[in-house]
Each structure stands twice: as structure tokens, then as C-alpha cells.
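Trainee: A single structure is presented below for examination.
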Amino acid sequence: MSKEAILLSAKNALKQNKLRGVKKDYKNLIKDSGNLEGDYVAMQSANKAIIVESSADSKAIVAKIGEILKEIEAKNVIYNLELSELDFSALSGFNIKPYEKSVDNARDELFGVDTSIVYAKCGIADVGIFGLASSPKHPRLASLITKNCIVILERKNIVKSLPEGLELLRGGVKSAESGESAKSVESGESGESAKSVESSEKLPSNLILIAGPSRTADIELQTVFGVHGPQQVYIILV
């Protein structure tokens, strides 16, 4: 059949069976139960993250962290500086240190760490992921290089969709105190280029969206956990 015949046949078919226009709607593509926190917990759990509930009291949070560290038999632990208000000295039996050195100056030490504790800027309910924003107080590697990752997520920062989550992440960079230049733990550099500007117009250098433990599969379709990130992810809801 020639090209002309095919086009003529298609044209005649369209005359007899007109296409109906359908208005595109990209809202609520995923079922919404009306329970934002419940949806988040269900979806995040489906992504193999382990949800732990806690009150917002700092002592209660530290106690939950201690329970998890014992469960996973953690030894060397790092935490991001934005969690400095938590009193980790109350936890004994673990080598817990702040992540405050450049990877260039602490490479061997960092890769000997088995557990990290980080703060999530948001949880996204409809797909069950949480978001991190890199900053001088939250180096990107903290959530990537360890076998285990413990995440602190405030319930008030759970949102329905990815666009809402990105709005929270956009404001995730705070200015350095007293206007001083902030030293980037990630790069080990300081000065104007490392300053964080408090502005919703300036994005963090990295936005990290995490569904749960790192999963990959080889050519034999065998799923392996922990190749590109943590094997276990615990999320403490506060």
C-alpha cells in the first residue's frame, strides 16, 4: 500500500470516528486517602524504610536513636551539625562524632563510619520519599557513604506531592551566622564561593530525594541492597 493510500485511509477513518479531546489533569494521579501522615508512612514503608515514631522532645529522640544504634550494632557514628542541639553524650557504647571535617581531610575516617544521622527537610507522602538539602551543616555524603542511615523527620514537614517538597527544599539553605563565610565541609573550601545565602531563589548545591535503602539488580535480576547508598534506612518521625 502506498503512502498516499495510507494517509487517505487514515483521513477517512477520522471523519467517521472523530477523536475526543480530553482535558489533561496532572493532579491527584496517586490515590489520596485524606490522611497525609498515614499515606506517607505507608508509601515510605513500601520503599523499605523503617519508620520509628517519637515525641518531639530531644531526650526522647536521642533515646530512639540509641535503641536503633543498639539494634544495628553500630560502632562509628557521624551526625550532621544541624543536629548539634541533640545531646548525643547521653548515648554510651558508641563512637559518635559530628561531621565537621572535609572529606579531603578525613577520607579514611569517614569510610570507616557505619552509621550516619541526618535531618530531612521534607517527607513526600504520595511517593514515599524524603528530601535532604546539602549545606555546610549537611554535607551530601552523610546520607550516602554509610551502611546505615538514621533520618530525623518532623511531621509538620510532610507534604503531599513532589512540587510541595521541592518548595521546602528550595528554602533549605541558611545564611552563615554573623555574615561570616561558611566553610563547606563537602569541598573543604571557604570564602565567598562557600557562602550560603538565605533566599528562596538560591538552591542548595545538592537536592537529594531518597526512597529508602539503596537497591540495584545485576543482569541475573538479583536485588542487592547497599551498593550505592545505605543498606538500612530508619526514619524517626517527631
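The values are calculated or read from the model by the stated rules, or taken from the named source; none is laboratory data. What you see is a predicted model; the values in this text were computed from it and never measured. Using ideal geometry, Cβ is built from the backbone for each residue, glycine included, and neighbour counts are taken over all protein chains shown.
Trainee: Of the residues that make up the range 69-76, is at least one touching a strand residue (DSSP E or B) at 6+ places or on another chain (Cβ under 6 Å), under 20 Å from Gly128 (Cβ atoms), at pLDDT 90 or above and in a loop (DSSP other than H, G, I, E, B)?
Mentor: no
Trainee: A further question follows. Against the condition closer than 19 Å to Lys147 by Cβ, surrounded by fewer than 17 Cβ atoms within 10 Å (Cβ to Cβ) and either within 22 Å of the chain's Cα centre (by Cα) or at pLDDT below 95 (or both), how does Lys97 come out, does it pass? Before the answer, list the steps.
Mentor: Details: closer than 19 Å to Lys147 by Cβ: yes; surrounded by fewer than 17 Cβ atoms within 10 Å (Cβ to Cβ): yes; either within 22 Å of the chain's Cα centre (by Cα) or at pLDDT below 95 (or both): yes.
Answer is yes for this residue.
Trainee: Spot the failing condition for Gly229; the list is (1) at pLDDT 90 or above; (2) surrounded by 20 or more Cβ atoms within 10 Å (Cβ to Cβ); (3) within 18 Å of Ser116 (Cα to Cα), and only one is missed.
Mentor: (1)
Trainee: Please enumerate the residues belonging to the range 29-73 that are of a type in the set (Asp, Glu) and under 30 Å from Gly93 (Cβ atoms).
Mentor: We begin by selecting, within the range 29-73, every residue of a type in the set (Asp, Glu); these are 32, 37, 39, 53, 57, 67, 71, 73.
Correct list: Glu53, Asp57, Glu67, Glu71, Glu73.
Trainee: Sticking with this structure for a sec: Which residue, of Leu162, Leu141, is surrounded by fewer than 23 Cβ atoms within 10 Å (Cβ to Cβ), out of contact with any Ser or Thr (no Cβ under 6 Å at 6 or more places or on another chain) and under 20 Å from Tyr99 (Cβ atoms)?
Mentor: Numbers: Leu162 fails: under 20 Å from Tyr99 (Cβ atoms).
On inspection, the qualifying residue turns out to be Leu141.
Trainee: Just give me the residues in the range 103-137 being assigned to a loop (DSSP other than H, G, I, E, B), within 28 Å of Leu166 (Cβ to Cβ) and either at pLDDT below 85 or hydrophobic (A, V, I, L, M, F, W, C) (or both), in sequence order. Talk me through it step by step, then tell me what you get.
Mentor: The initial filter retains those residues of the range 103-137 that are assigned to a loop (DSSP other than H, G, I, E, B), namely 103-106, 111-114, 120-121, 125-128, 134, 136-137.
This time we only want the ones that are within 28 Å of Leu166 (Cβ to Cβ), so: 103, 120-121, 125-128, 134, 136-137.
Within the range 103-137, Val103, Ala120, Ala125, Val127, Pro136 qualify.
Trainee: Provide a single number: the residues in the range 202-229 that are under 12 Å from the mean Cα position of the chain (by Cα) and not polar (S, T, N, Q).
Mentor: Qualifying residue count, the range 202-229: 8.
Trainee: Sticking with this one: Filter the range 81-102 down to the residues that are in contact (Cβ under 8 Å) with a residue 40 or more places away in the chain and in a helix (DSSP H, G or I) and list them by number.
Mentor: Once the filter is applied, which keeps residues that are in contact (Cβ under 8 Å) with a residue 40 or more places away in the chain and in a helix (DSSP H, G or I), the range 81-102 yields Leu81, Glu82, Leu83.
Trainee: Consider the range 6-46. How many of its residues are modelled with pLDDT of 75 or more and either more than 19 Å from Asn157 (Cα to Cα) or in contact with a His (Cβ under 9 Å, 6 or more places away or on another chain) (or both)? Before you say what the answer is, go through the steps one by one.
Mentor: So the first thing to find is which residues in the range 6-46 are modelled with pLDDT of 75 or more, and the list is 6-18, 33-46.
With either more than 19 Å from Asn157 (Cα to Cα) or in contact with a His (Cβ under 9 Å, 6 or more places away or on another chain) (or both) added as a condition, the list becomes 6-18, 46.
Here the count works out to 14.
Trainee: Can you find, within the range 163-173, the residue that is modelled with the lowest pLDDT among those that are out of contact with any strand residue (DSSP E or B) (no Cβ under 6 Å at 6 or more places or on another chain) and assigned to a helix (DSSP H, G or I)?
Mentor: Residues of the range 163-173 out of contact with any strand residue (DSSP E or B) (no Cβ under 6 Å at 6 or more places or on another chain): 163-164, 166-167, 170-171.
Add one more test, that the residue is assigned to a helix (DSSP H, G or I), and what stays is 163-164, 166-167, 170.
Working: Pro163: 90, Glu164: 91, Leu166: 90, Glu167: 89, Arg170: 85.
For the range 163-173, the residue satisfying everything is Arg170.
Trainee: Which residue, of Ala125, Ala49, is touching a residue at least 60 places away in the same chain (Cβ under 8 Å), under 16 Å from Leu144 (Cα atoms) and crowded, with 16+ Cβ neighbours inside 10 Å? Give the derivation first.
Mentor: Working: Ala125 fails: under 16 Å from Leu144 (Cα atoms).
One residue alone meets the criteria, Ala49.
Trainee: Based on this model, can you work out whether Asn76 counts as in contact (Cβ under 8 Å) with a residue 60 or more places away in the chain, surrounded by 11 or more Cβ atoms within 10 Å (Cβ to Cβ) and of a type in the set (S, T, N, Q)?
Mentor: Working: in contact (Cβ under 8 Å) with a residue 60 or more places away in the chain: no; surrounded by 11 or more Cβ atoms within 10 Å (Cβ to Cβ): yes; of a type in the set (S, T, N, Q): yes.
Taking the combined requirement at face value, the residue does not satisfy it.
Trainee: Right, something else. Take the residues in the range 139-162 that are part of a helix (DSSP H, G or I) and of a type in the set (S, T, N, Q); name whichever of them is modelled with the lowest pLDDT. Break it down into steps so the answer makes sense when it comes.
Mentor: So the first thing to find is which residues in the range 139-162 are part of a helix (DSSP H, G or I), and the list is 140-143, 155-157, 162.
So of that shortlist, the ones also of a type in the set (S, T, N, Q) come out as 143, 157.
Numbers: Ser143: 87, Asn157: 96.
By that ranking, first place goes to Ser143.
Trainee: Just wondering, is there one or more residues in the range 83-92 that are under 27 Å from the mean Cα position of the chain (by Cα), surrounded by 14 or more Cβ atoms within 10 Å (Cβ to Cβ), charged (D, E, K, R) and within 20 Å of Val151 (Cβ to Cβ)? Give the derivation first.
Mentor: Pass one, the range 83-92, residues under 27 Å from the mean Cα position of the chain (by Cα): 83-91.
With the extra rule that they be surrounded by 14 or more Cβ atoms within 10 Å (Cβ to Cβ), the set shrinks to 83, 86, 88, 91.
Add one more test, that the residue is charged (D, E, K, R), and what stays is none.
Among the residues of the range 83-92, not one is under 27 Å from the mean Cα position of the chain (by Cα), surrounded by 14 or more Cβ atoms within 10 Å (Cβ to Cβ), charged (D, E, K, R) and within 20 Å of Val151 (Cβ to Cβ), which makes the answer no.
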